[in-house]
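Let me begin by presenting the structure, written as structure tokens, before commenting on it.
The values are calculated or read from the model by the stated rules, or taken from the named source; none is laboratory data. Nothing here was measured: the structure is a model prediction, and the numbers come from that model. Here the Cβ is made from the backbone with ideal geometry for all residues, glycine too, and neighbour counts use every protein chain on show.
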Amino acid sequence: MPGATPTARAATRRGEATRDRLLRAVRDVVADVGYPHATTRAIAEAAGVAEGTIYRHYPDKATLFLAAVADANRPVLAAMADLPGRAGTGTVAGNLTEALGQLAQLRQQMLPLELAMLTDPDLAAQRARLHAEASAGAGPSAAGLPDPPGLLADYLAAEQAHGRVRADLAVGPAAVTILAALLGLALAPGTDPSSATVDPGVLAHLVDVVTRGLQP
């Protein structure tokens, strides 16, 4: 932090250390009891902080959970962040295959969290707020949290500019549909939902179906 005082820099370092402890605590508690039973009190105890400290760093439990998933998947999210810049290179099918293969690792942790958000009233309300903020441009990506649908939509829009994706494609709904299909692969017969990988043949079939619909 250029120009910051030593006191401000020390406060920043303490804040970062506290956030790191909280994110590790989320992963530890969730591993023990699952998202539905991971209370903020248990997370605070595991992190060695007061429960109120959580809300000085994260506005609600949904944001805390998403931040923990993001922290554990930094390489995957970094690769997704690079995806729009790859438009016009390689092939659309090849780029999507690589991106979705990487996102399968994120799927392993997001599925249980999404299910918890759908069944817990408080988490469901927080999830709805996050989606509303994302639609207004102040959602997960602005908060430093993962936004795979937005990055995938940006990639598809960039491919539209290169003439490699249908000009009439609504890229936002298309991105959500593609990612929903990826999540749905966890329910395919013979698939281990806890696996961080997707059968290459099944993934190739998904990409083939998708790209046929994307072609101009």
Subject >> Leu118 being among the aliphatic types (A, V, I, L, M) and modelled with pLDDT under 80 >> reply: yes
**OP:** Quickly run through segment 157-179 and pick out the residues that are basic (Lys, Arg) and at pLDDT below 95.
**Re:** Arg166
**OP:** Could you tell me which residue of segment 44-67 is farthest from Glu114 (Cα to Cα), considering only residues that are buried (at least 19 other Cβ atoms within 10 Å of the Cβ) and touching an Asp or Glu at 6+ places or on another chain (Cβ under 8 Å)?
**Re:** Ala44
**OP:** Name the single residue, out of those in segment 86-115 being of a type in the set (A, V, I, L, M) and modelled with pLDDT under 85, that is surrounded by the fewest Cβ atoms within 10 Å (Cβ to Cβ).
**Re:** Leu115
